[in-house]
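A.B. asks: Before I ask anything, here is the structure I am working with.
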Amino acid sequence: LRPCFCAPSQTRMQVDTPGEKAYTSVRQAFRDIWRREGFRGFYRGFLTVSVAALPSQVLYMTALENVRAHVRPFVARASFLGPTQKEMVRNLCAGACASLASQTLVVPMDIVSQHQMLARGEHRRGGMEVLREVVHKYGIRGLYRGYLASLMTYAPSSATWWSAYGAVKPRWSEVASAVFPSSSRTPQDFEHHPVVQAVSGATSGAIAASVTNPMDVVRTRLQVTEEKSVSSCARALYREEGAFGFMRGVRARMLQTIPVSVMMISAYELVKRMSIAPE
């Protein structure tokens with residue numbers, strides 16, 4: 001997936017400093033990439049992302065379901081939590097652990113693809129070219145630049161996403177039940193409706209993208225610049241642009257995250273329904 005062609009726009013908006021090349025809006029980034037690089041410009045780093053997508057998602061989903069299953073008996077004992085709160089806690093723990101597991105594969109892919117996205121104009125850099133350049137300059141450790149920042153970004157993002165999904169799905173189910181009243185269907189029945197799940201996924205994606213964008217800006221800059229640590233990168237960003245700098249690219253990130261969230265949760269829930277053995 002390359003939803004809304006936002007990945008290159010988001011990366012450049014987060015990394016550019018105020019000046020001649022800096023993008024001030026998603027629309028400006030879109031127009032500039034289209035004018036300078038054409039349609040292919042929106043797909044920079046696509047092959048690199050695709051190579052690691054399948055194994056990283058398999059690892060992510062495997063960890064997610066296993067942690068959810070192991071956490072269930074512990075959460076069930078928490079009598080002070082209601083059903084929705086228990087589901088939120090399970091999802092929060094599972095999402096965070098799944099993200100921690102998958103980042104080992106995702107971070108090298110991110111570093112290579114981000115360098116490709118930042119190449120402007122007609123010059124297109126292949127994934128292997130960037131990989132050799134990074135390893136030559138920094139060694140193997142260069143492929144894990146910003147690894148801690150990635151964990152600090154994606155673990156909270158995943159935890160926020162899944163906990164938000166568990167919280168908003170019952171609310172959207174109640175809305176659906178009120179809009180389409182039926183004597184034979186309760187609000188809980190609507191939780192299994194694909195449209196309710198898709199809207200809940202979109203809502204969760206918007207929440208997670210906006211809440212974790214500051215750390216994502218720091219992570220991106222740390223991986224493609226010469227900054228040495230999360231703290232030094234954050235200080236430099238604040239010094240150059242103030243608090244607003246930490247929200248760079250948030251709209252592009254939301255435009256990217258929302259469609260991915262809808263498609264991911266729709267496929268996830270569909271596979272879960274198909275995998276249930278008949279009694």
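The values are calculated or read from the model by the stated rules, or taken from the named source; none is laboratory data. A quick note: this is a predicted structure, and the numbers were derived from the prediction, not measured. Heads up, the Cβs are rebuilt from the backbone with ideal geometry, glycines too, and the neighbour counts pull from every protein chain shown. Areas reflect the complete protein model, heavy atoms only, side chains present, ligands, DNA and RNA absent. Shrake-Rupley method; radii C 1.70, N 1.55, O 1.52, S 1.80 Å.
A.B. asks: Taking the condition assigned to a helix (DSSP H, G or I), out of contact with any His (no Cβ under 7 Å at 6 or more places or on another chain), free of Cβ contacts under 8 Å to residues at least 12 places away in the same chain and over 18 Å from GLY201 (Cα atoms), does VAL58 pass?
C.D. replies: Details: assigned to a helix (DSSP H, G or I): yes; out of contact with any His (no Cβ under 7 Å at 6 or more places or on another chain): yes; free of Cβ contacts under 8 Å to residues at least 12 places away in the same chain: yes; over 18 Å from GLY201 (Cα atoms): yes.
Criteria met by VAL58.
A.B. asks: Quick check on this structure: which one of SER184, SER266, SER204, SER232 is outside any helix (DSSP H, G or I) and either touching a Gly at 6+ places or on another chain (Cβ under 7 Å) or not charged (D, E, K, R) (or both)?
C.D. replies: SER184
A.B. asks: Continuing with this model, one more query. Have a look at THR203, THR220, THR186, THR225 and point out the one that is in contact (Cβ under 8 Å) with a residue 24 or more places away in the chain, within 23 Å of SER173 (Cβ to Cβ) and β-branched (Val, Ile, Thr).
C.D. replies: Numbers: THR220 fails: within 23 Å of SER173 (Cβ to Cβ); THR186 fails: in contact (Cβ under 8 Å) with a residue 24 or more places away in the chain; THR225 fails: within 23 Å of SER173 (Cβ to Cβ).
One residue alone meets the criteria, THR203.
A.B. asks: Kindly provide the set of residues from the range 259-279 that are surrounded by fewer than 20 Cβ atoms within 10 Å (Cβ to Cβ) and within 20 Å of THR153 (Cα to Cα), ordered by number.
C.D. replies: PRO259, VAL260, MET264
A.B. asks: Condition check: farther than 24 Å from ALA96 by Cα and open to solvent by less than 50 Å² (accessible area, probe 1.4 Å). Does THR220 satisfy that?
C.D. replies: no
A.B. asks: Moving on. Going residue by residue through the range 115-136, is there one that turns out to be touching a Phe, Trp or Tyr at 6+ places or on another chain (Cβ under 8 Å), assigned to a helix (DSSP H, G or I) and open to solvent by less than 40 Å² (accessible area, probe 1.4 Å)? It would help to see each step written out before you state the result.
C.D. replies: Of the residues in the range 115-136, the ones touching a Phe, Trp or Tyr at 6+ places or on another chain (Cβ under 8 Å) are none.
Scanning the range 115-136 turns up no residue that is touching a Phe, Trp or Tyr at 6+ places or on another chain (Cβ under 8 Å), assigned to a helix (DSSP H, G or I) and open to solvent by less than 40 Å² (accessible area, probe 1.4 Å).
A.B. asks: Further question: Restrict the check to the range 237-250 and report whether at least one residue is over 19 Å from GLN114 (Cα atoms) and in contact with a Gly (Cβ under 8 Å, 6 or more places away or on another chain).
C.D. replies: For the range 237-250, residues over 19 Å from GLN114 (Cα atoms) and in contact with a Gly (Cβ under 8 Å, 6 or more places away or on another chain): present.
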